[in-house]
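For reference, the structure is listed below as C-alpha coordinates.
The values are calculated or read from the model by the stated rules, or taken from the named source; none is laboratory data. Given the structure is predicted, the values throughout are model-derived calculations rather than measurements. Note that each Cβ is placed from the backbone with ideal geometry, even for glycine, and that neighbours are counted across all protein chains shown. These area figures cover heavy atoms from the full protein model, side chains too; ligands, DNA and RNA do not enter into them. Shrake-Rupley method; radii C 1.70, N 1.55, O 1.52, S 1.80 Å.
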Amino acid sequence: MSASTKKQLRKAQEAEKLTEKQLTEQKEAKKLKLYSTIAVVVLAALVLFAAIFGVSQAIANSGVRERNTVALTIGEHELSNAEFSYYYIDAVNNFTQNYGSYMSLVGLDTTKALDEQEISEGYTWADDFIESAAQNAKSIYALNDEAKAVGFTLTDDDLVSIESTFSMMELYATYTYGYSDLETYLKAMYGSGATVESYRNYYEMSVLAQNYEAYYSENLSYTNEQLRAEEAEDYNLYSSYSYTTYYQAVSAFHGTDADDAEIELARKLAENEINKLVEGEYASADDLKAAIADMDVNQENASSPYSYDNVVRSGISSTYAEWVTDSSRKAGDVTSIASTSTDADGNEVVNGYYVVYFSGSNDNEFALANVRHILVKPEGGSYDSETGATTYSDEEMAAAKLAAEELYAQWKAGEATEDSFAALANEHSDDGDGTTGGLYENVYPGQMVENFNDWCFAEGRKTGDTGIVESDYGYHIMFYSADSDLTYRDHLITESLRTADANEWFTNLIDSVAVNTVDIKYIRTDLVLGN
(Lines give C-alpha, C1' and ligand atoms only; values in the text may rest on other atoms or scores of the structure.)
Protein backbone atom coordinates (compact mmCIF):
# COMPACT_ATOMS: atom_id res chain seq x y z
CA MET A 1 0.00 0.00 0.00
CA SER A 2 1.26 3.52 -0.71
CA ALA A 3 2.60 5.56 2.15
CA SER A 4 -0.41 7.85 2.16
CA THR A 5 -2.78 4.87 2.41
CA LYS A 6 -0.97 3.59 5.45
CA LYS A 7 -1.26 6.87 7.33
CA GLN A 8 -4.04 7.28 9.88
CA LEU A 9 -7.10 9.06 8.51
CA ARG A 10 -6.81 12.78 9.22
CA LYS A 11 -8.72 14.07 12.18
CA ALA A 12 -11.91 15.89 11.39
CA GLN A 13 -10.73 19.28 12.54
CA GLU A 14 -7.85 19.34 10.03
CA ALA A 15 -10.14 18.71 7.10
CA GLU A 16 -12.59 21.33 8.35
CA LYS A 17 -9.95 24.05 8.12
CA LEU A 18 -9.39 23.19 4.48
CA THR A 19 -12.96 22.88 3.34
CA GLU A 20 -15.41 24.95 5.35
CA LYS A 21 -14.80 28.14 3.38
CA GLN A 22 -15.07 26.26 0.08
CA LEU A 23 -18.38 24.77 1.18
CA THR A 24 -19.68 28.25 1.94
CA GLU A 25 -18.45 29.56 -1.41
CA GLN A 26 -20.09 26.66 -3.20
CA LYS A 27 -23.41 27.46 -1.58
CA GLU A 28 -23.07 31.16 -2.34
CA ALA A 29 -22.34 30.43 -6.00
CA LYS A 30 -25.70 28.69 -6.31
CA LYS A 31 -27.65 31.77 -5.39
CA LEU A 32 -29.55 33.22 -8.32
CA LYS A 33 -31.09 36.60 -8.98
CA LEU A 34 -34.15 37.15 -11.12
CA TYR A 35 -35.03 40.47 -12.66
CA SER A 36 -38.16 41.32 -14.68
CA THR A 37 -39.24 44.62 -16.18
CA ILE A 38 -42.75 43.39 -16.79
CA ALA A 39 -44.69 44.16 -13.64
CA VAL A 40 -47.56 41.91 -14.53
CA VAL A 41 -45.42 38.82 -14.41
CA VAL A 42 -43.11 39.75 -11.51
CA LEU A 43 -45.10 37.95 -8.86
CA ALA A 44 -45.52 34.83 -10.95
CA ALA A 45 -41.84 34.87 -11.83
CA LEU A 46 -40.79 35.22 -8.20
CA VAL A 47 -43.07 32.37 -7.19
CA LEU A 48 -41.62 30.23 -9.94
CA PHE A 49 -38.07 31.24 -8.98
CA ALA A 50 -38.71 30.45 -5.31
CA ALA A 51 -39.96 27.01 -6.20
CA ILE A 52 -37.02 26.23 -8.50
CA PHE A 53 -34.47 27.71 -6.10
CA GLY A 54 -35.86 25.81 -3.15
CA VAL A 55 -35.75 22.47 -4.98
CA SER A 56 -32.25 23.01 -6.35
CA GLN A 57 -30.92 24.01 -2.94
CA ALA A 58 -32.61 21.02 -1.32
CA ILE A 59 -31.00 18.72 -3.89
CA ALA A 60 -27.59 20.35 -3.44
CA ASN A 61 -27.73 20.21 0.35
CA SER A 62 -29.03 16.66 0.39
CA GLY A 63 -26.03 15.34 -1.54
CA VAL A 64 -28.28 13.28 -3.80
CA ARG A 65 -26.30 14.20 -6.90
CA GLU A 66 -22.93 13.44 -5.28
CA ARG A 67 -24.16 10.07 -4.02
CA ASN A 68 -25.76 9.08 -7.33
CA THR A 69 -23.11 10.22 -9.80
CA VAL A 70 -20.39 7.65 -10.45
CA ALA A 71 -16.95 9.25 -10.14
CA LEU A 72 -14.87 6.24 -11.17
CA THR A 73 -14.90 2.48 -11.41
CA ILE A 74 -12.37 0.18 -9.76
CA GLY A 75 -12.65 -3.27 -11.23
CA GLU A 76 -16.31 -4.15 -10.76
CA HIS A 77 -16.85 -1.48 -8.11
CA GLU A 78 -18.47 1.91 -8.71
CA LEU A 79 -17.49 4.84 -6.48
CA SER A 80 -19.82 7.79 -6.30
CA ASN A 81 -18.53 11.34 -6.11
CA ALA A 82 -19.44 11.32 -2.43
CA GLU A 83 -17.38 8.19 -1.79
CA PHE A 84 -14.44 9.34 -3.89
CA SER A 85 -14.43 12.67 -2.05
CA TYR A 86 -13.20 10.85 1.08
CA TYR A 87 -10.11 9.69 -0.78
CA TYR A 88 -9.59 13.05 -2.46
CA ILE A 89 -9.88 15.25 0.64
CA ASP A 90 -7.72 12.88 2.67
CA ALA A 91 -5.07 12.90 -0.09
CA VAL A 92 -5.00 16.70 0.24
CA ASN A 93 -4.89 16.48 4.04
CA ASN A 94 -2.05 13.95 4.01
CA PHE A 95 -0.06 16.25 1.76
CA THR A 96 -0.64 19.33 3.89
CA GLN A 97 0.32 17.44 7.04
CA ASN A 98 3.52 16.15 5.45
CA TYR A 99 4.66 19.50 4.05
CA GLY A 100 2.94 22.02 6.30
CA SER A 101 4.42 25.50 5.84
CA TYR A 102 6.88 24.12 3.28
CA MET A 103 4.25 23.52 0.58
CA SER A 104 5.52 26.51 -1.39
CA LEU A 105 8.91 24.82 -1.72
CA VAL A 106 7.32 22.13 -3.88
CA GLY A 107 5.41 24.66 -5.93
CA LEU A 108 1.98 24.73 -4.31
CA ASP A 109 0.50 28.20 -3.79
CA THR A 110 -1.91 28.06 -0.86
CA THR A 111 -3.63 31.27 -1.99
CA LYS A 112 -4.86 29.84 -5.29
CA ALA A 113 -7.32 27.11 -6.21
CA LEU A 114 -5.78 23.70 -6.85
CA ASP A 115 -7.23 23.48 -10.35
CA GLU A 116 -5.68 26.84 -11.29
CA GLN A 117 -2.09 25.77 -10.57
CA GLU A 118 -0.16 23.67 -13.05
CA ILE A 119 2.58 21.26 -12.02
CA SER A 120 3.37 20.68 -15.67
CA GLU A 121 1.64 21.75 -18.84
CA GLY A 122 -2.01 20.75 -18.67
CA TYR A 123 -1.59 18.96 -15.31
CA THR A 124 -2.76 20.77 -12.17
CA TRP A 125 -2.38 20.16 -8.46
CA ALA A 126 -6.04 19.10 -8.44
CA ASP A 127 -5.21 16.50 -11.10
CA ASP A 128 -2.33 15.27 -8.94
CA PHE A 129 -4.50 14.87 -5.85
CA ILE A 130 -7.21 13.14 -7.89
CA GLU A 131 -4.63 10.72 -9.26
CA SER A 132 -3.25 10.06 -5.78
CA ALA A 133 -6.76 9.53 -4.42
CA ALA A 134 -7.61 7.14 -7.27
CA GLN A 135 -4.47 5.09 -6.59
CA ASN A 136 -5.25 4.93 -2.89
CA ALA A 137 -8.81 3.85 -3.64
CA LYS A 138 -7.51 1.23 -6.07
CA SER A 139 -5.17 -0.15 -3.40
CA ILE A 140 -7.86 -0.30 -0.73
CA TYR A 141 -10.45 -1.96 -2.96
CA ALA A 142 -7.92 -4.49 -4.32
CA LEU A 143 -6.80 -5.42 -0.81
CA ASN A 144 -10.38 -5.65 0.45
CA ASP A 145 -11.38 -7.93 -2.42
CA GLU A 146 -8.38 -10.18 -1.76
CA ALA A 147 -9.02 -10.21 1.99
CA LYS A 148 -12.65 -11.23 1.49
CA ALA A 149 -11.61 -13.91 -0.98
CA VAL A 150 -9.46 -15.62 1.66
CA GLY A 151 -11.87 -15.01 4.55
CA PHE A 152 -9.83 -12.31 6.32
CA THR A 153 -12.05 -9.95 8.30
CA LEU A 154 -11.83 -7.27 10.96
CA THR A 155 -11.38 -8.66 14.46
CA ASP A 156 -13.63 -7.86 17.41
CA ASP A 157 -10.84 -5.61 18.74
CA ASP A 158 -10.75 -3.76 15.41
CA LEU A 159 -14.49 -3.16 15.56
CA VAL A 160 -14.27 -1.91 19.14
CA SER A 161 -11.45 0.45 18.13
CA ILE A 162 -13.44 1.74 15.15
CA GLU A 163 -16.48 2.33 17.33
CA SER A 164 -14.29 4.27 19.75
CA THR A 165 -12.93 6.37 16.89
CA PHE A 166 -16.40 7.33 15.74
CA SER A 167 -17.44 8.18 19.28
CA MET A 168 -14.48 10.54 19.51
CA MET A 169 -15.38 12.07 16.15
CA GLU A 170 -18.90 12.67 17.42
CA LEU A 171 -17.46 14.51 20.42
CA TYR A 172 -15.20 16.62 18.21
CA ALA A 173 -18.14 17.44 15.96
CA THR A 174 -20.62 18.44 18.62
CA TYR A 175 -18.71 19.59 21.70
CA THR A 176 -15.53 21.00 20.17
CA TYR A 177 -16.82 22.50 16.94
CA GLY A 178 -20.49 22.99 17.66
CA TYR A 179 -22.02 20.96 14.83
CA SER A 180 -25.43 19.45 15.44
CA ASP A 181 -24.17 15.93 14.79
CA LEU A 182 -21.38 13.94 13.17
CA GLU A 183 -23.02 13.81 9.76
CA THR A 184 -23.20 17.59 9.55
CA TYR A 185 -19.55 17.68 10.45
CA LEU A 186 -18.66 15.16 7.73
CA LYS A 187 -20.58 17.21 5.17
CA ALA A 188 -18.53 20.26 6.13
CA MET A 189 -15.37 18.27 5.59
CA TYR A 190 -16.13 16.11 2.58
CA GLY A 191 -19.11 17.73 0.89
CA SER A 192 -22.87 17.43 1.03
CA GLY A 193 -22.82 13.82 -0.19
CA ALA A 194 -21.09 12.58 2.95
CA THR A 195 -22.95 10.36 5.39
CA VAL A 196 -21.90 8.60 8.56
CA GLU A 197 -22.72 5.23 6.98
CA SER A 198 -20.60 5.73 3.86
CA TYR A 199 -17.74 7.29 5.81
CA ARG A 200 -17.74 4.35 8.21
CA ASN A 201 -17.57 2.00 5.24
CA TYR A 202 -14.60 3.98 3.87
CA TYR A 203 -12.88 3.89 7.26
CA GLU A 204 -13.50 0.17 7.81
CA MET A 205 -12.24 -0.65 4.32
CA SER A 206 -9.06 1.34 5.00
CA VAL A 207 -8.44 -0.50 8.27
CA LEU A 208 -9.12 -3.90 6.70
CA ALA A 209 -6.77 -3.14 3.80
CA GLN A 210 -3.97 -2.08 6.11
CA ASN A 211 -4.46 -5.05 8.42
CA TYR A 212 -4.59 -7.56 5.58
CA GLU A 213 -1.45 -6.23 3.94
CA ALA A 214 0.37 -6.49 7.29
CA TYR A 215 -1.05 -9.97 7.86
CA TYR A 216 0.14 -11.16 4.45
CA SER A 217 3.65 -9.85 5.01
CA GLU A 218 3.96 -11.12 8.58
CA ASN A 219 2.96 -14.63 7.54
CA LEU A 220 5.61 -15.01 4.88
CA SER A 221 8.16 -17.51 6.16
CA TYR A 222 11.51 -18.77 4.89
CA THR A 223 13.63 -21.85 5.37
CA ASN A 224 17.17 -21.73 6.67
CA GLU A 225 18.35 -22.63 3.17
CA GLN A 226 16.55 -19.59 1.76
CA LEU A 227 18.09 -17.34 4.43
CA ARG A 228 21.60 -18.62 3.71
CA ALA A 229 21.11 -18.22 -0.03
CA GLU A 230 20.04 -14.60 0.43
CA GLU A 231 22.94 -13.97 2.79
CA ALA A 232 25.41 -15.37 0.26
CA GLU A 233 24.35 -12.70 -2.23
CA ASP A 234 25.83 -9.95 -0.06
CA TYR A 235 27.06 -10.90 3.41
CA ASN A 236 27.86 -7.36 4.53
CA LEU A 237 24.32 -6.17 3.82
CA TYR A 238 23.16 -7.74 7.10
CA SER A 239 26.02 -6.61 9.32
CA SER A 240 26.06 -3.44 11.39
CA TYR A 241 28.76 -0.79 11.47
CA SER A 242 30.04 1.79 13.94
CA TYR A 243 31.77 4.89 12.62
CA THR A 244 32.24 8.61 13.10
CA THR A 245 31.79 11.30 10.43
CA TYR A 246 32.87 14.91 10.19
CA TYR A 247 32.07 17.38 7.41
CA GLN A 248 34.31 20.32 6.65
CA ALA A 249 32.85 22.91 4.28
CA VAL A 250 35.17 24.90 2.00
CA SER A 251 33.09 27.98 2.77
CA ALA A 252 34.54 28.02 6.30
CA PHE A 253 37.86 29.10 4.79
CA HIS A 254 36.63 32.19 2.94
CA GLY A 255 34.37 35.17 3.48
CA THR A 256 30.86 35.64 2.15
CA ASP A 257 32.03 38.08 -0.55
CA ALA A 258 34.97 35.98 -1.77
CA ASP A 259 35.83 36.08 -5.46
CA ASP A 260 36.74 33.03 -7.56
CA ALA A 261 40.44 33.24 -6.71
CA GLU A 262 39.74 33.42 -2.98
CA ILE A 263 37.35 30.48 -3.18
CA GLU A 264 39.93 28.41 -5.03
CA LEU A 265 42.49 29.25 -2.36
CA ALA A 266 39.95 28.20 0.29
CA ARG A 267 39.60 24.82 -1.42
CA LYS A 268 43.35 24.26 -1.19
CA LEU A 269 43.39 25.28 2.47
CA ALA A 270 40.51 22.92 3.22
CA GLU A 271 42.22 20.09 1.36
CA ASN A 272 45.47 20.62 3.29
CA GLU A 273 43.68 20.68 6.65
CA ILE A 274 41.72 17.53 5.86
CA ASN A 275 44.83 15.71 4.63
CA LYS A 276 46.63 16.49 7.91
CA LEU A 277 43.62 15.27 9.84
CA VAL A 278 43.42 11.98 7.93
CA GLU A 279 47.15 11.34 8.24
CA GLY A 280 47.00 11.44 12.02
CA GLU A 281 46.95 8.33 14.21
CA TYR A 282 44.00 7.80 16.50
CA ALA A 283 43.44 5.13 19.08
CA SER A 284 39.73 5.88 19.16
CA ALA A 285 37.05 8.09 17.70
CA ASP A 286 37.42 10.35 20.74
CA ASP A 287 41.01 11.07 19.72
CA LEU A 288 39.82 12.12 16.26
CA LYS A 289 37.14 14.33 17.80
CA ALA A 290 39.80 16.03 19.92
CA ALA A 291 41.95 16.67 16.84
CA ILE A 292 38.94 18.15 15.04
CA ALA A 293 38.21 20.45 17.96
CA ASP A 294 41.82 21.69 17.84
CA MET A 295 41.61 22.75 14.18
CA ASP A 296 42.01 26.51 13.73
CA VAL A 297 38.88 26.69 11.60
CA ASN A 298 36.82 25.29 14.49
CA GLN A 299 37.94 27.73 17.15
CA GLU A 300 35.09 30.17 16.53
CA ASN A 301 32.44 28.25 14.59
CA ALA A 302 32.93 24.63 15.51
CA SER A 303 31.71 21.94 13.13
CA SER A 304 31.11 18.85 15.23
CA PRO A 305 31.68 15.20 14.31
CA TYR A 306 28.95 12.64 14.91
CA SER A 307 29.29 8.99 15.91
CA TYR A 308 27.01 6.18 14.72
CA ASP A 309 26.74 2.83 16.48
CA ASN A 310 25.64 -0.46 14.92
CA VAL A 311 24.00 0.92 11.79
CA VAL A 312 22.92 -1.55 9.11
CA ARG A 313 24.20 -0.79 5.63
CA SER A 314 20.86 0.40 4.32
CA GLY A 315 20.99 3.16 6.96
CA ILE A 316 24.45 4.45 6.01
CA SER A 317 24.78 7.47 3.72
CA SER A 318 25.60 6.48 0.16
CA THR A 319 28.43 9.03 0.29
CA TYR A 320 30.59 6.73 2.38
CA ALA A 321 28.63 3.45 2.65
CA GLU A 322 30.95 1.62 0.25
CA TRP A 323 34.04 2.61 2.23
CA VAL A 324 32.52 1.80 5.64
CA THR A 325 31.24 -1.64 4.58
CA ASP A 326 34.34 -2.72 2.66
CA SER A 327 35.30 -6.21 3.91
CA SER A 328 38.94 -5.10 4.31
CA ARG A 329 37.99 -2.28 6.69
CA LYS A 330 39.52 -2.45 10.17
CA ALA A 331 39.10 -0.45 13.37
CA GLY A 332 41.03 2.81 13.30
CA ASP A 333 40.88 3.34 9.53
CA VAL A 334 40.32 6.96 8.49
CA THR A 335 39.54 8.43 5.09
CA SER A 336 38.29 11.62 3.46
CA ILE A 337 35.71 11.87 0.69
CA ALA A 338 35.18 15.03 -1.33
CA SER A 339 31.68 16.46 -1.64
CA THR A 340 31.36 17.88 -5.15
CA SER A 341 28.93 19.56 -7.50
CA THR A 342 28.95 20.79 -11.10
CA ASP A 343 29.27 24.51 -11.81
CA ALA A 344 27.62 26.49 -14.62
CA ASP A 345 30.42 25.56 -17.02
CA GLY A 346 30.05 21.85 -16.36
CA ASN A 347 33.18 21.63 -14.20
CA GLU A 348 33.28 19.54 -11.03
CA VAL A 349 34.02 21.64 -7.96
CA VAL A 350 34.73 20.62 -4.37
CA ASN A 351 32.34 22.05 -1.78
CA GLY A 352 33.76 20.26 1.24
CA TYR A 353 35.12 17.02 2.65
CA TYR A 354 33.75 14.17 4.72
CA VAL A 355 36.16 12.59 7.17
CA VAL A 356 35.12 9.08 8.20
CA TYR A 357 36.59 7.05 11.06
CA PHE A 358 35.82 3.33 11.27
CA SER A 359 35.27 1.90 14.77
CA GLY A 360 34.19 -1.64 13.93
CA SER A 361 31.48 -3.94 12.65
CA ASN A 362 29.09 -6.48 14.08
CA ASP A 363 27.88 -9.54 12.18
CA ASN A 364 24.64 -9.47 14.27
CA GLU A 365 24.86 -13.15 15.13
CA PHE A 366 23.36 -12.54 18.57
CA ALA A 367 19.99 -13.81 19.75
CA LEU A 368 16.85 -11.74 19.89
CA ALA A 369 15.18 -11.40 23.28
CA ASN A 370 12.11 -13.02 24.81
CA VAL A 371 11.05 -10.80 27.67
CA ARG A 372 8.06 -10.28 29.95
CA HIS A 373 7.10 -6.97 31.50
CA ILE A 374 4.47 -5.40 33.71
CA LEU A 375 3.71 -1.82 32.71
CA VAL A 376 2.57 0.56 35.43
CA LYS A 377 1.26 3.72 33.76
CA PRO A 378 0.98 6.98 35.70
CA GLU A 379 -2.49 8.28 36.35
CA GLY A 380 -3.59 11.69 35.10
CA GLY A 381 -1.24 13.35 32.66
CA SER A 382 -1.60 16.15 30.14
CA TYR A 383 -2.61 15.21 26.60
CA ASP A 384 -1.20 17.23 23.68
CA SER A 385 -3.62 17.04 20.75
CA GLU A 386 -0.94 18.38 18.38
CA THR A 387 1.60 15.61 19.02
CA GLY A 388 -0.71 12.92 20.38
CA ALA A 389 1.58 12.53 23.41
CA THR A 390 0.68 12.49 27.09
CA THR A 391 3.11 13.97 29.59
CA TYR A 392 3.09 13.37 33.33
CA SER A 393 4.11 15.46 36.30
CA ASP A 394 6.96 14.44 38.62
CA GLU A 395 4.38 13.57 41.26
CA GLU A 396 2.42 11.34 38.87
CA MET A 397 5.60 9.56 37.77
CA ALA A 398 6.70 9.12 41.39
CA ALA A 399 3.37 7.51 42.27
CA ALA A 400 3.69 5.11 39.34
CA LYS A 401 7.24 4.22 40.37
CA LEU A 402 6.09 3.45 43.91
CA ALA A 403 3.28 1.25 42.57
CA ALA A 404 5.78 -0.62 40.35
CA GLU A 405 8.16 -1.16 43.26
CA GLU A 406 5.32 -2.51 45.39
CA LEU A 407 4.28 -4.98 42.67
CA TYR A 408 7.91 -6.01 42.19
CA ALA A 409 8.29 -6.59 45.93
CA GLN A 410 5.03 -8.58 45.96
CA TRP A 411 6.37 -10.87 43.21
CA LYS A 412 9.73 -11.39 44.94
CA ALA A 413 7.98 -12.19 48.22
CA GLY A 414 6.00 -14.97 46.53
CA GLU A 415 7.17 -17.87 44.35
CA ALA A 416 9.28 -15.46 42.26
CA THR A 417 9.00 -17.68 39.19
CA GLU A 418 8.31 -16.84 35.57
CA ASP A 419 4.83 -18.33 35.89
CA SER A 420 4.02 -16.15 38.89
CA PHE A 421 5.39 -13.13 37.03
CA ALA A 422 3.16 -13.92 34.05
CA ALA A 423 0.13 -14.25 36.35
CA LEU A 424 0.93 -10.88 37.96
CA ALA A 425 1.29 -9.31 34.50
CA ASN A 426 -2.10 -10.63 33.42
CA GLU A 427 -3.67 -9.14 36.51
CA HIS A 428 -1.92 -5.78 36.78
CA SER A 429 -0.10 -4.75 33.58
CA ASP A 430 -1.39 -1.72 31.69
CA ASP A 431 -0.09 -3.25 28.46
CA GLY A 432 -1.80 -6.09 26.59
CA ASP A 433 -5.12 -7.83 26.95
CA GLY A 434 -4.39 -9.72 30.14
CA THR A 435 -3.80 -13.09 28.47
CA THR A 436 -0.14 -13.07 27.34
CA GLY A 437 1.62 -12.80 30.66
CA GLY A 438 3.33 -9.64 29.46
CA LEU A 439 5.42 -11.64 26.98
CA TYR A 440 7.16 -10.13 23.98
CA GLU A 441 8.98 -12.62 21.80
CA ASN A 442 11.78 -12.04 19.31
CA VAL A 443 12.41 -8.48 20.41
CA TYR A 444 15.05 -6.94 18.14
CA PRO A 445 17.30 -3.92 18.76
CA GLY A 446 15.48 -0.65 18.35
CA GLN A 447 12.01 -2.18 18.47
CA MET A 448 11.21 -0.98 21.98
CA VAL A 449 11.64 2.39 23.68
CA GLU A 450 15.23 3.21 24.61
CA ASN A 451 15.44 2.13 28.28
CA PHE A 452 13.42 -1.02 27.62
CA ASN A 453 15.69 -1.83 24.66
CA ASP A 454 18.91 -1.13 26.58
CA TRP A 455 17.83 -3.38 29.43
CA CYS A 456 17.01 -6.26 27.06
CA PHE A 457 20.35 -6.09 25.26
CA ALA A 458 22.63 -5.15 28.14
CA GLU A 459 25.89 -7.09 28.14
CA GLY A 460 25.59 -10.28 30.17
CA ARG A 461 21.79 -10.33 30.16
CA LYS A 462 20.59 -13.85 31.08
CA THR A 463 17.43 -15.84 31.70
CA GLY A 464 15.72 -14.94 34.98
CA ASP A 465 17.12 -11.42 35.24
CA THR A 466 14.66 -8.86 36.59
CA GLY A 467 14.53 -5.13 37.17
CA ILE A 468 12.55 -1.92 36.78
CA VAL A 469 13.06 0.58 33.96
CA GLU A 470 11.41 3.92 33.27
CA SER A 471 10.02 5.09 29.93
CA ASP A 472 7.62 7.73 28.65
CA TYR A 473 4.85 5.19 29.18
CA GLY A 474 5.58 4.72 32.88
CA TYR A 475 7.53 2.00 34.71
CA HIS A 476 8.24 -1.48 33.37
CA ILE A 477 8.90 -4.38 35.72
CA MET A 478 11.14 -6.62 33.59
CA PHE A 479 11.69 -10.38 33.46
CA TYR A 480 14.13 -11.81 30.93
CA SER A 481 12.47 -15.01 29.75
CA ALA A 482 15.13 -16.42 27.41
CA ASP A 483 17.26 -15.82 24.38
CA SER A 484 15.28 -16.36 21.21
CA ASP A 485 16.17 -19.09 18.74
CA LEU A 486 16.28 -16.36 16.09
CA THR A 487 19.39 -14.21 15.63
CA TYR A 488 19.25 -10.55 14.79
CA ARG A 489 21.04 -11.33 11.52
CA ASP A 490 18.39 -13.83 10.46
CA HIS A 491 15.71 -11.37 11.52
CA LEU A 492 17.22 -8.74 9.18
CA ILE A 493 17.45 -11.23 6.31
CA THR A 494 13.87 -12.39 6.88
CA GLU A 495 12.54 -8.83 6.92
CA SER A 496 14.43 -8.03 3.73
CA LEU A 497 12.93 -11.02 1.96
CA ARG A 498 9.47 -10.24 3.31
CA THR A 499 9.64 -6.65 2.15
CA ALA A 500 10.69 -7.63 -1.37
CA ASP A 501 8.13 -10.43 -1.68
CA ALA A 502 5.28 -8.43 -0.12
CA ASN A 503 6.00 -5.48 -2.43
CA GLU A 504 5.97 -7.76 -5.46
CA TRP A 505 2.70 -9.36 -4.33
CA PHE A 506 1.11 -5.97 -3.71
CA THR A 507 2.26 -4.56 -7.05
CA ASN A 508 0.89 -7.55 -8.93
CA LEU A 509 -2.37 -7.33 -6.99
CA ILE A 510 -3.13 -3.71 -7.78
CA ASP A 511 -1.79 -3.93 -11.34
CA SER A 512 -4.49 -6.49 -12.04
CA VAL A 513 -7.23 -3.96 -11.21
CA ALA A 514 -8.41 -1.37 -13.74
CA VAL A 515 -9.43 2.16 -12.73
CA ASN A 516 -11.56 4.33 -15.03
CA THR A 517 -12.68 7.89 -14.39
CA VAL A 518 -16.35 8.44 -15.22
CA ASP A 519 -17.59 11.80 -13.91
CA ILE A 520 -15.86 13.76 -11.11
CA LYS A 521 -17.64 17.07 -11.54
CA TYR A 522 -18.68 17.17 -7.87
CA ILE A 523 -15.14 16.74 -6.55
CA ARG A 524 -13.94 20.03 -5.11
CA THR A 525 -10.97 20.68 -7.35
CA ASP A 526 -11.16 24.41 -6.57
CA LEU A 527 -10.00 24.10 -2.97
CA VAL A 528 -7.80 26.94 -1.73
CA LEU A 529 -5.61 25.48 1.00
CA GLY A 530 -4.67 28.77 2.59
CA ASN A 531 -8.24 29.79 3.30
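When a/c is below 1.5 the answer is rounded, else prolate if a/b is larger than b/c, else oblate, so apply that to the stretch 199-319 with a ≥ b ≥ c taken from the square roots of the Cα gyration tensor eigenvalues. Prolate. Under a 5 Å amide H cut-off, with hydrogens placed 1.01 Å from N, Ser80 pairs with Ala71 among residues at least 5 apart or on other chains. The stretch 127-285: D in µm²/s via Stokes-Einstein (Kirkwood Rh, Cα pairs, 20 °C, 1.002 mPa s)? Calculated translational D: 94 µm²/s. For the chain, the longest principal axis of the alpha carbon atoms and the long axis of helix 39-62 meet at an angle near 30°.
The alpha-carbon atoms of the stretch 264-334 define a convex hull whose volume equals 123 cubic angstrom per residue.
Its DSSP H runs of at least 4 residues, each contributing -39,500 (n - 2.57), put the calculated 222 nm mean residue ellipticity of the chain at -15500 deg cm²/dmol, to the nearest 500. Roughly what angle does helix 224-233 make with the longest principal axis of the chain, taking Cα atoms, 0 to 90 degrees, to the nearest 10? Approximately 80 degrees, to the nearest ten.
Take 356-369, 123-136, 98-111 and order them by the average number of nearby Cβ atoms within 10 Å per residue, most first; the result is 123-136, 356-369, 98-111. As a quick test, which of the pairs Lys289/Lys377; Lys138/Lys521; Lys138/Lys187 have an alpha carbon distance above 30 angstrom in this structure? Check vs 30 Å cut-off fails for Lys289/Lys377. Altogether, the Stokes-Einstein calculation at 4 °C and 1.567 mPa s, with the Kirkwood radius of the stretch 327-384 over Cα pairs as Rh, returns a diffusion coefficient of 73 µm²/s. Shape analysis of the stretch 408-456 yields a ratio of the Cα radius of gyration to the Kirkwood radius, Rg/Rh, of 1.01.
Its Cα gyration tensor gives the stretch 285-393 an equivalent ellipsoid. The semi-axes, each the square root of 5 times an eigenvalue, are 38, 24, 18 Å from largest down.
With K and R counted +1 and D and E -1, the other residues having a Cβ less than 15 Å from that of Asp145 yield a net charge of -4. Computed from Cα atoms alone, the Kirkwood hydrodynamic radius reported for the stretch 400-502 is 15.1 Å.
Across all Cα atoms of the stretch 111-172, the radius of gyration (one decimal) and Dmax (whole number) stand at 18.2, 49 Å.
Rolling a 1.4 angstrom probe over the protein heavy atoms with all chains in place gives the chain an accessible area of 55 Å² per residue. Considering only Ala331, His476, Asn310, the residue lying farthest towards the positive end of the dipole of the chain is His476, judged by Cα position with unit charges set on Cβ. Shape annotation for the chain: C-alpha extents along the principal axes are 104, 80, 53 Å, from largest to smallest. First obtain the Kirkwood hydrodynamic radius of the stretch 243-285 from its Cα pairs, then insert it into the Stokes-Einstein equation at 10 °C and 1.306 mPa s, and state the resulting D in µm² per second as a whole number. This corresponds to a translational diffusion coefficient of 135 µm²/s. Axis of helix 418-428 versus longest Cα principal axis of the chain: the two differ by about 30°, to the nearest ten degrees. Residue ranges 204-214, 224-234 sort as 204-214, 224-234 when ordered by packing (mean number of other C-beta atoms within 10 Å per residue, highest first). Just the protein heavy atoms count here, and of the accessible area of the chain at 1.4 Å, carbon and sulfur take up 48 percent.
Look at the alpha carbon pairs under 8 Å that are at least 6 residues apart: their mean separation over the length of the chain gives a relative contact order of 20 percent. For the stretch 267-313 versus the stretch 480-531, the inter-centroid distance based on Cα atoms is 41 Å.
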